[in-house]
Ligand SMILES: Cc1cc2nc3c(=O)[nH]c(=O)nc-3n(C[C@H](O)[C@H](O)[C@H](O)COP(=O)(O)O)c2cc1C
């Protein structure tokens, strides 16, 4: 089993500490291969808005080479953990930039089958509040990338050392682990299935030469196959 952790700021403090607690709890269940990436040092790039990923392929993104090693671990994991401190009631700029770079893999474009067989976890910490907004931003990406399930954990920095926080982390890790074990048997959310059907109609009316259309064609999704089913 493989779990990839994407940290969004280089500070090894509050958010890092909660994520490490979560990682430790997960490691109690079985030997898990963990991969960790730090966006602030490995991927400090803004999306330039060139649209190259959508129109000409992800390889033409100006940051493709830097994104690739992170994506390899993202797409080969059974579980992906995204963490972020709350900055002005939302994710850090680094995390938002990273998520923007994944837009071409949303269900509306060229979703990756691997994501339909992965479980997501959003973790955030704050001084006073804003974890739910922050987690929602990361969870929305999990949802539209096609993740089978996703969960969240938000902790105030004043609560990090408290026993109730440890218990919350234990409970969240158990849920995340159990879902990873059973993910192939779990149905995707109804909304994701509906959204896929709506996008199928849109793609069918798109230019035959568009990358998205060719991609959906190559997967058989325009003829009734589904990305969340082993065929
Ligand atoms: C630019 C910036 C904006 C912040 N905005 C908020 C906020 O909106 N709400 C809040 O409760 N804490 C806010 N904080 C505090 C951090 O979310 C909090 O200290 C967090 O635990 C820091 O995580 P870290 O130690 O992993 O960096 C902000 C901190 C910074 C640097």
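A few points about this structure:
- Count of residues meeting criterion [within 23 Å of residue 71 (Cα to Cα) and either more than 17 Å from the chain's Cα centre (by Cα) or within 8 Å of the ligand (Cβ to nearest atom) (or both)] in the range 7-17: 6
- Output for the range 217-231, where each listed residue is closer than 21 Å to residue 58 by Cα and in contact (Cβ under 8 Å) with a residue 60 or more places away in the chain: 219, 227
- Residue ID - surrounded by the fewest Cβ atoms within 10 Å (Cβ to Cβ), chosen from residues in the range 111-159 that are in contact with a helix residue (DSSP H, G or I) (Cβ under 6 Å, 6 or more places away or on another chain) and farther than 20 Å from residue 183 by Cβ: 127
- Residues satisfying the criterion are present in the range 150-161 (criterion: modelled with pLDDT of 95 or more, away from the ligand (no atom under 16 Å from the Cβ) and on the phi < 0 side of the Ramachandran plot).
- Residues of the range 129-162 classified as free of Cβ contacts under 8 Å to residues at least 24 places away in the same chain, under 29 Å from residue 116 (Cβ atoms) and out of contact with any strand residue (DSSP E or B) (no Cβ under 9 Å at 6 or more places or on another chain), total: 1
- Any hit, the range 27-44, residues being touching a residue at least 40 places away in the same chain (Cβ under 8 Å), away from the ligand (no atom under 16 Å from the Cβ) and part of a strand (DSSP E or B): yes
- Taken over the range 97-134, the residue count meeting the criterion of being part of a loop (DSSP other than H, G, I, E, B) and more than 16 Å from the ligand (Cβ to nearest atom) is 10.
- Among the residues of the range 76-86, some residue qualifies, meaning at least one is within 24 Å of residue 154 (Cα to Cα), within 16 Å of the ligand (Cβ to nearest atom) and assigned to a loop (DSSP other than H, G, I, E, B).
- With respect to the conditions (1) part of a loop (DSSP other than H, G, I, E, B); (2) free of Cβ contacts under 8 Å to residues at least 40 places away in the same chain; (3) touching a strand residue (DSSP E or B) at 6+ places or on another chain (Cβ under 6 Å), residue 48 lacks only one, and its number is (3).
- Subset of the range 87-96 that is part of a loop (DSSP other than H, G, I, E, B) and touching a residue at least 60 places away in the same chain (Cβ under 8 Å) - its residue that is nearest to the ligand (Cβ to nearest atom): 92
The values are calculated or read from the model by the stated rules, or taken from the named source; none is laboratory data. What you see is a predicted model; the values in this text were computed from it and never measured. Note: ideal-geometry Cβ built from the backbone for every residue, glycine included; neighbour counts use all protein chains shown.
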